[in-house]
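Here's the structure we're looking at; comments come further down.
Any read-out appearing in this document is the output of simple, stated calculations on the displayed coordinates, not a laboratory observation. Remember, it's a predicted structure, so these values are computed and weren't measured experimentally. All Cβ positions, glycine included, derive from the backbone under ideal geometry; neighbour counts span all protein chains shown.
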Amino acid sequence: MDELGEMVGTSSAIRAVFDLVRKVAKTEMPVLITGETGTGKELTAHAIHERSMRREGPFVPINCGAIPETLLESELFGHERGAFTGAVQQKKGKLEAAAGGTLFLDEVGDLLPSLQVKLLRFLQKGTFERVGGHETLHVDARIIAATNVDLKAAIDKNLFREDLYYRLGVMHVHLPPLRERGEDTLLMAMLFLKQAAALHRKSIRSYTPEALKALRSYHWPGNVRELSNRVRRAVVMAEGPEITMHDLDLSDETFHADDSLDSLRAAHRRIEVELIVKAISMHQGNLTRAARDLEVSRSTLYRKLRAYKLERLVPAHLSYPVAVGD
Ligand SMILES: Nc1ncnc2c1ncn2[C@@H]1O[C@H](COP(=O)(O)OP(=O)(O)OP(=O)(O)O)[C@@H](O)[C@H]1O
Ligand SMILES: [Mg+2]
C-alpha cells in the first residue's frame, strides 16, 4: 500500500496528496494544510518535516486555539525579563525553539489580528521581537500552518488577513475527508484492527459483512480519528471472532447514500480493491481461499495485491518484499 511515514492510503485522492507532500517537502516555503477535523493534518505536517532538509532539526507544534490569547504571543515569540507581571526572566518562544527545523502552527485561524501581523512580518523578513524586547531577532524556522476553518470566510469577515493567507498558502495541501477516499476506509479499518487486536491480544481478524458495509457507507464526520477510535473500541468490546456493526456502534440510520459519480476507471479500481480487502478479511489473510472466492488464481491475486499496494493486508510470511513509500 502506498504510504507516507505513518500515513496510509491507496485511493487516488490520497495518492495525489502524498505526491504533493513529497514535492512540498523539498522546498523551504511555508505550507498551509487544510481539511476537516481528524483528516490527518498534524500527521501530514510531520511527514513534510520528516522529508525535508530540516528533518534533523526540531519539529515544534503549537496549537493557536488552545492557548489563552494573553499567553500566545509570549509562547510563540518569547518574552524579555519584566515584559509583564510574572515575567521574572527572559524566555524563548516556540519560534526560536524551532530554529533549524519546523514550527507547526495548528489552528492558525485562531490567531489574533495583532499576532497575524507579527507572523506575516516573520514570513516576509524572517525577523521578530520578543514580547517587551527591542532587539530585532532572526531565526531560521520553516512555518507549516493548519486549519479546519474556512479561512476565506474568515477573510470576508475581517477576522483573517488576506495577505497572510496568501503568504501561508503558496503551498496548499488539502486533505480530503475520509468519505471521499473510497477504498481507504476499509483498508485503514483492516490495519487499525490488526494493530488493536495485537495490542489487546485478541484473535479478531475480520469484520462481519454487515460491519464492512456499514464502514463503507457511514459518512465519518470525525474522519480518520473517528475510524481509528471506533475500531479500537470495537476490538475491546467484541465478544465474537468478528467485529459486528454493534461493536462499531454503527446503525442503519447512520448510513448515507453515496450519489457521487466516479470515472469508470476509478470505479473499477475501487470495486476491485474493496472486494479484495473483503475477501482477504473474510479469510483472515488466507490468499488461497480469498482467490477461490474471487474466482481468480492465486498468482493473479498476488499481482493485484502488488498493483494496488495492498501487501500489508497479508501476514508477513506471505507478502512480497516490496519497497513502499517513495
Ligand atoms: N492517512 C492516515 N493513515 C493512518 N492514520 C491516519 C491517517 N490520517 C490520520 N491518521 C490518524 O488519525 C488521527 C488524526 O490525525 P491528525 O491528528 O493528524 O488529524 P488532524 O487533521 O490534525 O485533526 P484535528 O483537526 O482534529 O486536529 C491520528 O491518530 C492519526 O494518526
Ligand atoms: Mg490537528
Filtered residues of segment 50-59 (kept if more than 17 Å from Val8 (Cα to Cα) and more than 14 Å from ligand 2 (Cβ to nearest atom)): Ser52, Met53, Arg54, Arg55, Glu56, Gly57, Pro58
State whether the residues of segment 78-93 include one that is of a type outside the set (D, E, K, R) and more than 18 Å from Gly133 (Cβ to Cβ). no
Mind listing whichever residues of segment 112-164 are among the hydrophobic types (A, V, I, L, M, F, W, C), within 16 Å of ligand 1 (Cβ to nearest atom) and in a loop (DSSP other than H, G, I, E, B)? Val149
Residue check, Asn158 against (1) touching a strand residue (DSSP E or B) at 6+ places or on another chain (Cβ under 9 Å); (2) free of Cβ contacts under 8 Å to residues at least 12 places away in the same chain, all met but one. Which one? (1)
So which helices (runs of 4 or more DSSP H) stay within segment 1-110 end to end and still have 1 or more residues that are within 16 Å of ligand 1 (Cβ to nearest atom) and crowded, with 16+ Cβ neighbours inside 10 Å? 12-25, 41-50
